[in-house]
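To start, the structure itself, in C-alpha cells.
The values are calculated or read from the model by the stated rules, or taken from the named source; none is laboratory data. Bear in mind that the values here come from a model prediction, so they are computed numbers and not experimental data. Every residue, glycine as well, gets a Cβ built from its backbone with ideal geometry; the counts of neighbours run over all protein chains shown. Accessible surface areas use protein heavy atoms only, side chains included; no ligands, DNA or RNA. Shrake-Rupley method; radii C 1.70, N 1.55, O 1.52, S 1.80 Å.
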Amino acid sequence: MGHAISQSLMILALAAGALPAGAQAEAVSSSFDAAVAVETAGAGPVIDPNIYGQFVEHLGRGVYEGIWVGPDSPIPNVRGIRSDVVAALRKVKIPVIRWPGGCFADGYHWADGVGPASRRPKAINAAWDKSPETNAFGTHEYMDFLGQIDAKAFVSVNVGSGSVREADDWMRYMTAPADSQPGQARASNGHVEPWQVPFVGVGNESWGCGGNMTADSYAAAFRHYAAFLRSYSGERAQLIAVGADSDDYDWTDRVMAQAMKWRPNPTPLAYTTDRPLMWGLSLHFYTFAGNDWRKKGRNVGFGMAEWASSLARANHVDELIRGHAAIMDKYDPEKRVALAVDEWGAWFQSEKDAPSQLYLESTLRDAVIAGLSLNIFNRHADRVRMANLAQMVNVIQSLILTDGAKMMVTPTYHVFDLYKVHQGAALIPTEVQAPDYVEGDTRLPGLSVSASKDRSGKLHLTIVNLDPRRSSNLRLTLKGGVWRQANAQTLTADRVDTRVRFDAPDPFQPRRLPVLVSRGEVSLKIASKSVTLVEIAP
Ligand code: AHR
C-alpha cells in the first residue's frame, strides 16, 4: 500500500480545499483500500483506565451550572449536583477527575470552600476574568460528585500563591482519621470518614500562570512540597509534578534530573523510600487549527484546510510523547514515572458566551480529534498512564454541554463511550497500511488505530478515518487465535463541522456497521471522517 494518492484524487482534494468554508464538497466521494494486521497473541502494557480521565476547573460554566446547581435548584439534583450530568458520566465510566484547576488552582484557598455555605467567602476568580467565586462547590461537594459518578480524586494544590502548610493542611483535612483534629473538623462539616486522595498535582503550569517559575525553581519547589504532602490514612497520595507545555523538552529534562529522587539520606525515615518522589510528570497540549495560540481558528464554519491543520496538530502529540518519554527514559529507564497528559483537547475560538468562558460548540472534528488523541495515548500506554480531557463540561472540548436546565452529550462523549472498552485492557500491536491523507501542504496518516485485548479475551480496535472525503475498504488480518464473531459501531456526520444542538436529534449517535468475518479476516467499509469501534470475539 503506497503513501501516495492518485493524481486525480489529489486534484479533487486540492480543488475541494480551495472552496469557501461551509462548502466542503463532501459530495465528492471515493474510497481507498487499507489493511490492519493485528497481533492478537501479543500482550503489551495495560491501558491505564486513567487515560480516560477528565479535568474540571472553576471557569465559565464548567462547575457552576455544568455540575453544581445547588440543592434548591428546580434542575433535578442530588445534594446540589445535577443528576442528568451524573447519569451521563456514569455511563462512560469516568475514572478520575482533576480539580480545581488549571490556572484557578494556584489562586485557590481550599479552606474558603468548606463549612456552612452561607459562611463561605464570596471570592474572586483571579485566573478567569475576576469573575465571582461563591465557593459553593468546595472539597465536600467535589468528593460527593466523585462518589456519585464513581471516579477517583485528583486535586491540584496551590503552589503559586499558597504554601506547603496550606497544602499539607488540606491533605490532613481530607485524609486524616476521624479521631484526629483535622478529622473532627471534617466531621463537623458533615463527613466523618477520611476520603481517598490517590492523586495530588503539585501546582499547575508553574512555568506560566502557576508561578512564572523556571524549571530549576519549580524542581526545588516540588522537592519541598513532596517532603510534606502525604495521605494520613488509606491510599497513598501519588504526586504529579508540573511538566512541560507542548515541546518544552528542557523543562522535562531539568525536572526529571532534579526532582525525581529523594536526596540520599543518611538516616532514612520510613517514607524516604527509593520510590520516585513523583508518580507522574504532566504534559499540557492543546489542539487548534495551526500552531499559533493567537489564531486558533473557527470552531464552526471552518474549511478543509483548518480541518487538516487541526488534525495535524492533534497528531503531533505522538511526537511530543516520544520526545518527552525519551528524556524520561534517561532518568527512569524502568518507566516508574508516568507521563500524565493532564490537560489536552481541542481549543478553538469561542463563539458563544464571553470569550473568557471558553464555551465551545461541539462538532464532528472534535470527535475525530478525540479518537486520534486517545489512540495515540493508548499506543503509548507504557509511559502515558493518565490523561485528562480539558474540560469535561461546558469548557473547551467537553463531553457534555448545558444550557440552563437543558443538557446534551457531545460527539466527544460518544468517542469516550466507544473507547471505554480499552480501559484496563492489554494493548496489542497493530500494523496499519493506508494511504496518507493530503490536504494542500498537510500530509497525515489516513487512518489512526489502536487495539487491545480485554480480560474476557475480546479484541477491540478503534479506528479513525481522518480523510474527510474518502471512505475506506478495510481488511483486518487477525494473526494468531481463532476469531469467529465481530461487530462494529461508528460515528460520523454529513459535514466536517456538523454540530450537536440542543432541542434537535443527536446526529452523532453511533450506529451499527456491517462486518464480514472470514478465515482470520474481518472486512468492513468505514465512512470518511469517522470514528469506529470493532469488537472481535473467538
Ligand atoms: O484549560 C484552560 C487553561 O489552560 C488552564 O486553566 C490552564 O492550566 C491552561 O493553560
**Request:** Scan the stretch 207-220 for residues that are within 16 Å of the ligand (Cβ to nearest atom) and not in a loop (DSSP other than H, G, I, E, B) and report the count.
**Result:** 1
**Prompt:** Restricting attention to the stretch 89-103, and to residues there that are open to solvent by 10 Å² or more (accessible area, probe 1.4 Å) and in a helix (DSSP H, G or I), which single residue is farthest from Asn158 (Cα to Cα)?
**Reply:** Lys91
**Message:** Go through (1) under 14 Å from Thr532 (Cβ atoms); (2) in contact with a Pro (Cβ under 6 Å, 6 or more places away or on another chain) for Gly424 and report which single condition fails.
**Reply:** (1)
**Asked** Among the residues of the stretch 286-316, which ones are open to solvent by 10 Å² or more (accessible area, probe 1.4 Å) and farther than 24 Å from Asp436 by Cα?
**Response** Asp292, Trp293, Arg294, Lys295, Lys296, Arg298, Val300, Gly301
**Prompt:** In this structure, is Gly190 open to solvent by less than 20 Å² (accessible area, probe 1.4 Å), on the phi > 0 side of the Ramachandran plot and either not assigned by TED's automatic domain parsing to the domain that holds Arg313 or not basic (Lys, Arg) (or both)?
**Reply:** no
**Request:** Mind listing whichever residues of the stretch 525-538 are open to solvent by 40 Å² or more (accessible area, probe 1.4 Å), part of a strand (DSSP E or B) and over 16 Å from Val464 (Cβ atoms)?
**Result:** Glu535
**Prompt:** Out of Gly42, Gly60, which single residue is assigned to a loop (DSSP other than H, G, I, E, B) and surrounded by 16 or more Cβ atoms within 10 Å (Cβ to Cβ)?
**Reply:** Gly60
**Asked** Considering Asp274, Asp329, Asp247, which residue is within 16 Å of the ligand (Cβ to nearest atom) and open to solvent by 40 Å² or more (accessible area, probe 1.4 Å)?
**Response** Asp247
**Request:** Would you point out which residue out of Pro100, Pro76, Pro95 is of a type outside the set (S, T, N, Q), touching an Asp or Glu at 6+ places or on another chain (Cβ under 9 Å), in the same structural domain as Ala153 (by TED's automatic domain parsing) and within 16 Å of the ligand (Cβ to nearest atom)?
**Result:** Pro100
**Item:** Residue within the stretch 146-155 that is open to solvent by 10 Å² or more (accessible area, probe 1.4 Å), within 26 Å of Met278 (Cβ to Cβ) and at pLDDT 95 or above present
**Value:** yes
**Candidate set from the stretch 332-358 (those that are outside any loop (DSSP other than H, G, I, E, B) and out of contact with any Leu (no Cβ under 8 Å at 6 or more places or on another chain)); member that is farthest from the ligand (Cβ to nearest atom)** = Pro355
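Condition (residue is touching an Asp or Glu at 6+ places or on another chain (Cβ under 6 Å), part of a loop (DSSP other than H, G, I, E, B) and crowded, with 24+ Cβ neighbours inside 10 Å) applied to the stretch 221-234: is it met by at least one residue?
No, the stretch 221-234 contains no residue that is touching an Asp or Glu at 6+ places or on another chain (Cβ under 6 Å), part of a loop (DSSP other than H, G, I, E, B) and crowded, with 24+ Cβ neighbours inside 10 Å.
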**Item:** Pick from the stretch 277-313, criterion under 30 Å from Ala227 (Cβ atoms) and out of contact with any helix residue (DSSP H, G or I) (no Cβ under 8 Å at 6 or more places or on another chain), ranking: farthest from the ligand (Cβ to nearest atom)
**Value:** Trp279
**Asked** Do the conditions hold for Ile369, that is, is it in a helix (DSSP H, G or I), in contact with an Asp or Glu (Cβ under 7 Å, 6 or more places away or on another chain) and either of a type in the set (Lys, Arg) or open to solvent by less than 30 Å² (accessible area, probe 1.4 Å) (or both)?
**Response** no
**Asked** Has the stretch 366-383 got any residue that is free of Cβ contacts under 8 Å to residues at least 24 places away in the same chain and either outside the structural domain of Arg455 (by TED's automatic domain parsing) or over 26 Å from Glu521 (Cβ atoms) (or both)?
**Response** no
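Name the one entry in Ser398, Ser362 that is crowded, with 24+ Cβ neighbours inside 10 Å, within 22 Å of Ala151 (Cα to Cα) and modelled with pLDDT of 95 or more.
After ruling out the rest, the residue left standing is Ser398.
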**Asked** When you look at Glu319, is it surrounded by 22 or more Cβ atoms within 10 Å (Cβ to Cβ) and among the acidic types (Asp, Glu), yes or no?
**Response** no
**Asked** Given the structure, is Ala105 within 22 Å of the chain's Cα centre (by Cα) and within 18 Å of Ala405 (Cβ to Cβ)?
**Response** no
